[in-house]
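Laboratory data are not the source of any read-out in this text; all were calculated from the coordinates shown. Fair warning: this is a prediction, and the values are worked out from it, not measured in the lab. All Cβ positions, even for glycine, are placed from backbone atoms using ideal geometry, and neighbour counts span all protein chains on display.
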Amino acid sequence: MLKHLHIQNYALIQELDIDFSNGFSVMTGETGAGKSIILGALNLLMGARADSKAVSEGQHKCIVEGVFEDDYTYLNTFFADHDLDFETEPDSPADMQIIIRRELTEQGKSRAFINDTPVALTTIKDLSANLIDIHSQHQNLLMGNSSFCQQLLDSVADNNDLLQRYRQLYAQYTKQNALLQQLKEEKEKAEKEADYKQFQFNQLKEARLTPGELQELEKEQQLLQNAEQILQTADTASLLLQSDNGILASLKTLTGTLKNISPYLPQEAQILERINSVTIELKDIAAEIDSLAQNTSVNPERLTAITERADLILGLMLKHKLQTDTELIELRDQLQQELQSFEQSDEQILKIEKEIATLQSQLTSLADKLHKRRSDIVPTISRTVGATIAELAMPNAKLTVSITQLDRFTPTGIDSCEFLFAANKNQTMQSITTASGGELSRLMLTIKSLLAEKKTLPTLIFDEIDTGVSGEVAFRMGRIMQQMSANRQLLCITHLPQIAALGKQHFIVYKKDLDNRTRTFIKQLSADERVETIARMLSADNLTDAAIENAKELLKNSNA
């Protein structure tokens, strides 16, 4: 339960500390006194969006902190999953303590803590949803909401495990459908490009490209283009080297001549060796020139073929804006992979379609079970609500739920639910949206009491759930809240003395001018203060002896 609430620099509240007890508590105060401010602070603890305007004027930071104490063993998994530690209350070791704190700066920066450990805002939301439920005035409108109606059915029918399995399958189903849509879009796009890519691939494949081919072709092309000049030059060089009067013959003659005067040449051995070396080198050169001449021919047909082949490769490079024939080969292989991938996409699409069909079958089975369980629980809800609402001066009121099966899956099944209501005897059941404000208030309290039996929520807060009712009906509504508080903490913000008198604790919210500023305060009333406060609620500030006696009588009856 909510044990303590600390509020600092929040709106009109400078500093406020409130201690709550278990059971039924009430909070009253004039309109505009600041009850909604306290409710706003509580919502901040539950992870509501922070607004920097909530920081008191002239202050840099506001703080809202709630201390919760109870047996929270059902939250062990949550705390373990989020690496959080429980605090144990020294005075009551069986109780665990949870401290939630929100801090908000004037710049709009927000921080959240659980037991002094910084956490994400979503963690605060998830935790507080298991600790406290706040029913604000506008939530009566939820009666016309299909989701709220379905939540009631699922809670009373204990559908949580079944609904959890359905949601897990639905998440897979949604994910696979999104993937299928993506693949189909990619395939459609690929189909538009497939013919052109196939043409490009075929052209490159037919070219029979090999690495480095263009470089070899260009070398041979240059050789053939200059064949005549090469042959003529080779013939001339060969004559100069190898003819009877050529260089080699002259060197031979030179060698013989030097041998004749060898006795007179001190370095004859070196000179002859050098001439021999030159001769060998020139013979090698002559042989290479002969080889070049033998391997060179004037071949116009071969030159034409090579030129055409080189032009084909160069043309492909120009078309695809590439620099080398190696890049052409890489492009060909890439196109081949893309075309193969395109062919495989049909298989992948077929595989996912089969998976979706399996998920659809499983979802349909679970959705049908949910539908049956929801339909089966409707009579029980109608009887329970009918019996409770009869205690609130609506003896002939009837409530039921109309369930329509949809032709599509939703995150919670295939059902659309609607409350149907008739306030009077033999009246045709109509949409709950036709009910009056007072009727909605009574119905919502009845439904909340039904939900409270099914949910593990230690704390319930009702913000003027009694709107539109008064007198005996208000007293009976208060009795129902008293009964609900037997197993939980329940706080009701009310303007009605009949309900205020039933509270175990009574807090009053009021404004006071302090240091040239208006501040909101709250205090727990003593027994005498309760009498006076309830008397003023009965007589609108005109405090009379009769009003005081009526207040005493209300308080006396509250314990009856």
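In segment 189-343, if the dipole is taken from +1 on Lys/Arg beta carbons and -1 on Asp/Glu beta carbons about the Cα centre, which of ASN245, GLN232, ILE285 is farthest to the positive end?
ASN245
Which lysines, on any chain, are close to LYS197 with Cα under 18 Å apart, when same-chain ones fewer than 8 places away are left out?
LYS187, LYS189, LYS205, LYS319, LYS321
Run the dipole for the chain about the Cα centre, Lys and Arg Cβ at +1, Asp and Glu Cβ at -1, nothing else charged, and hand back the magnitude in debye, nearest 20.
2300
Any idea what the dipole of segment 189-343 comes to, in debye rounded to 20, about its Cα centre with Lys/Arg Cβ at +1 and Asp/Glu Cβ at -1?
Dipole size: approximately 280 debye.
Restricting to the chain, compute how many DSSP beta bridges are antiparallel as a %, nearest 5.
75
Full-extension gain between ASN245 and LYS283, please, as 0.36 nm times their residue separation minus the C-alpha to C-alpha distance.
My answer for the length gained is 12.2 nm.
As a quick test, which of the pairs LYS35/LYS448; LYS175/LYS354; LYS398/LYS448 have an alpha carbon distance above 19 angstrom in this structure?
Cα-Cα > 19 Å for LYS35/LYS448; rest within.
Among PHE507, SER128, THR388, whose Cα projects farthest towards the positive end of the dipole of the chain, with charges put on the beta-carbon of Lys, Arg (+1) and Asp, Glu (-1)?
Ranked along the dipole, the leading option is THR388.
Would you please give the residues with an amide H less than 5 Å from that of GLN430, counting only those at least 5 places away or on a separate chain, with H modeled from the backbone geometry?
Result for GLN430 returns PHE421, ALA422.
If I take all pairs of Cα atoms in segment 1-147, what percentage of them are more than 28 Å from each other?
23
If Rh is defined by the Kirkwood formula over all Cα pairs and Rg also comes from Cα, what ratio Rg/Rh do you get for segment 189-343?
Across segment 189-343, the Cα-based Rg/Rh ratio is 1.36.
Straight distance only, please: which lysines reach the Cα of LYS192 with their own Cα at less than 19 Å, same-chain residues fewer than 8 apart left out?
Result set, ordered by chain and number: LYS184.
Report the rotationally averaged projected area of the chain based on its alpha-carbon convex hull, in square nanometres.
So the mean shadow area of the Cα hull is 54.1 nm².
Going through the DSSP H helices of the chain, which span 30 Å or more along their own axis at the Cα atoms while scoring at least -1.0 as a mean Kyte-Doolittle hydropathy?
Going by DSSP H runs, the hits are 268-294, 325-390.
With point charges of +1 on the Cβ of Lys and Arg and -1 on the Cβ of Asp and Glu, referenced to the Cα centre of the chain, which listed residue (HIS60, GLN336, ALA551) lies farthest in the positive direction of the dipole?
Most positive-ward Cα: ALA551.
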